[in-house]
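Remarks on the structure that follows.
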Amino acid sequence: MPRNRQVEFQGILHNAVHVEVEETTERWCSAKLSDGSTVKLKAIITDVARIEDAYDNNGDPVYVVKSSNVVTVEASEKLRQQVH
C-alpha cells in the first residue's frame, strides 16, 4: 500500500508516494588518481519517493532518492604511512 508524504524538491514541498525498493545492485565506481591511488565509491539507496504529477523533459516521473555513500581508498605505496 503506497504511503503518501511530502518531499522537498528544488526548494519546494511536493506530494509524493513512497516506492519500495524490490531489488538492488550495488557496484563500486572506481577512479584511478594521478598520485597512484584508487578511490572507490558505492551508493546505497535508502529511500525512494515518486513526486505526484511531476515529470521530466522526457515525460518520465520525477523520483527523489535518498542514499548513503561508502568510500574506500587504496593508497599508493609511496603515500602510505608505516603503522606500528
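Scanning segment 29-67 for residues being under 30 Å from L79 (Cα atoms) and either of a type in the set (G, A, S) or exposed (fewer than 12 other Cβ atoms within 10 Å of the Cβ) (or both) gives a total of 10. Restricting the search to strands (runs of 3 or more DSSP E) fully inside segment 4-84 and requiring at least 1 residues that are at pLDDT below 95 and at positive phi gives 38-55. For segment 14-28, the candidate set comprises residues that are within 16 Å of the chain's Cα centre (by Cα) and of a type in the set (V, I, T); within that set, the residue that is surrounded by the fewest Cβ atoms within 10 Å (Cβ to Cβ) is T25.
Annotation note: of D53, D60, D47, the sole residue that is under 27 Å from G11 (Cα atoms) and either aromatic (F, W, Y) or within 16 Å of the chain's Cα centre (by Cα) (or both) is D47.
The values are calculated or read from the model by the stated rules, or taken from the named source; none is laboratory data. These numbers were taken from a predicted model, which means no experiment stands behind them. Methodologically, a virtual Cβ is constructed for each residue, glycine included, from the backbone with ideal geometry; neighbour enumeration extends over all protein chains shown.
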